Amino acid sequence: MRRYFPNATMADWNDWRWQLRNRIKNLGDLERILALSEDERTAVRNHKGSLPIGITPYYASLLSPDDPLEPLRRTHIPTGDEYLRSPGEADDPLGEDHDSAVPGLVHRYPDRVLFLATGTCSTYCRYCTRSRMVGDPGGDYSFPKSQWDKAIAYIEAHTEIRDVLLSGGDPLTLADDTLDYLLGRLRAIPHVEFLRIGTKVPVVLPMRVTRGFTRMLRKHHPLWISIHFTHPDELTPEVTEAVTRLADAGIPLGSQTVLLKGINDEVDTLKSLYHGLLMRRVRPYYLYQCDPITGSAHFRTSVEKGLEIMRGLRGHTTGYAVPTFVIDAPGGGGKIPLLPDYVVGRDGGDLLLTNFEGGLYRYPDPDGHIGSDRNIGGLL
Ligand SMILES: *Cc1c(COP(=O)(O)O)cnc(C)c1O
């Protein structure tokens, strides 16, 4: 703030609207605060596609000014790899458009819906799974309020929907009274048992979580929030204050993290993130295998990498610190959980298991068949 916004006051900096107005959006803004590599400069200069560049000054202050490989910087500054399309990649790999009941409402699971309330984010992650529709995409994607009425009418007409997940874009970029109105309309539907919001705002724009805002949210309980965290470097005092306010408002908090190559794909990195989250009353919820979105190959790890990380967590740390590792199935299959295999085989009526330390254990399971393809009793 002192170096690049010398005219700003502390009150400006802590004002979320000031942060949005002063977002870093173009080559000139970026060159002022970062020493760009040739690759980054070319990628920004030749920026194409619908996913804008936009970084709040607050979040930009966390990026390394001179190291293009620093994790948070890699998640937000485009590189040339973003424009490469690899086999298996698609703009809408999860088939969300196909599962859209009405525009902006994805009805994939029988009892719950994903409500895309806005196309705006405060900060744009380069691996965004909805890059086709966020920012200023034009075409078929827009989020006028008139669309909300159709989505709400659909939910009203479908009494099997008991859970509405608001996402986007980021619903926390909406004004207090706008979000208040939407939450109120949804809570008024008798068969909707509870609401949830998916957001990255508490991490990239923590000043958005004002006392007035959490007072408003409290009116709409039961309300849960899932926060998109990537790396322990995001756990600043400002973020701590924001999540503390949300937790103090009685909102159960979960985290969602995308597994990203060279950014957070180490057990120690994720363990440190998850321990920090538990200390802040945020329960790790999902770890996602990176979706095969167009131009994301440089972010994607092998699936084994995710399993190796899960093996490194379970048993080695608090069970609450272990999220569910999922692949959101291309083609609209939904989230499919993956676990390392702890079944070693079978010895007659005993199921043979391995624990987190590699020890061998027996469980009496005379009626079972699991592991019978590996009847290794005789070998023991
Ligand atoms: C992730 C997701 C949900 C919510 O899934 P949970 O496992 O219940 O958290 C609902 N709808 C869609 C389309 C989703 O992608």
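The values are calculated or read from the model by the stated rules, or taken from the named source; none is laboratory data. All values derive from a computational prediction rather than experimental measurement. Glycine also receives a Cβ, built like all others from the backbone with ideal geometry; neighbour counts cover every protein chain displayed.
Some points to look at:
- Number of the exception - Pro68 against (1) closer than 30 Å to Leu195 by Cα; (2) in a loop (DSSP other than H, G, I, E, B): (1)
- Verdict on Gly88 being under 26 Å from Leu205 (Cα atoms) and not assigned by TED's automatic domain parsing to the domain that holds Gly332: no
- Subset of the range 306-351 [part of a loop (DSSP other than H, G, I, E, B), under 19 Å from the mean Cα position of the chain (by Cα) and away from the ligand (no atom under 13 Å from the Cβ)]: Val322, Leu338
- Taking the criterion of being touching a residue at least 60 places away in the same chain (Cβ under 8 Å), more than 10 Å from Thr294 (Cα to Cα) and assigned to a loop (DSSP other than H, G, I, E, B), the residues of the range 72-103 that qualify are Thr79, Leu94, Gly95, Glu96, His98, Asp99.
- The lone exception for Asn22 - which of (1) under 20 Å from Val258 (Cβ atoms); (2) without any contact (Cβ under 8 Å) to a residue 40 or more places away in the chain it fails: (1)
- Restricting the range 90-144 to residues that are more than 10 Å from the ligand (Cβ to nearest atom) and among the β-branched types (Val, Ile, Thr) leaves a set whose member that is farthest from Gln256 (Cα to Cα) is Val102.
- Scanning the range 353-371 turns up no residue that is buried (at least 17 other Cβ atoms within 10 Å of the Cβ) and within 16 Å of the ligand (Cβ to nearest atom).
- Unmet requirement for Ile336, which otherwise passes all of (1) among the hydrophobic types (A, V, I, L, M, F, W, C); (2) out of contact with any Leu (no Cβ under 8 Å at 6 or more places or on another chain); (3) over 30 Å from Glu89 (Cβ atoms): (3)
- Within the range 270-290, residues that are closer than 17 Å to Ser226 by Cβ have Cβ atoms under 9 Å from residues that are crowded, with 18+ Cβ neighbours inside 10 Å and at pLDDT below 95 in these pairs: Tyr288/Thr129, counting only partners at least 6 apart in sequence or on another chain.
- Candidates Leu260, Leu270, Leu278, Leu313 - the one that is of a type in the set (A, V, I, L, M, F, W, C), within 30 Å of Asp99 (Cα to Cα) and surrounded by 15 or more Cβ atoms within 10 Å (Cβ to Cβ): Leu260
- Reported count of residues in the range 229-259, each being more than 18 Å from Leu63 (Cα to Cα) and outside any helix (DSSP H, G or I), is 11.
- Taking the criterion of being buried (at least 18 other Cβ atoms within 10 Å of the Cβ), out of contact with any Cys (no Cβ under 9 Å at 6 or more places or on another chain) and farther than 12 Å from Gly169 by Cα, the only residue of the range 115-145 that qualifies is Arg126.
- Test: residue in the range 73-83 that is in contact with a Leu (Cβ under 7 Å, 6 or more places away or on another chain) and basic (Lys, Arg): yes
- Test: Leu69 is in contact (Cβ under 8 Å) with a residue 12 or more places away in the chain, outside the structural domain of Asp170 (by TED's automatic domain parsing) and surrounded by 15 or more Cβ atoms within 10 Å (Cβ to Cβ): no
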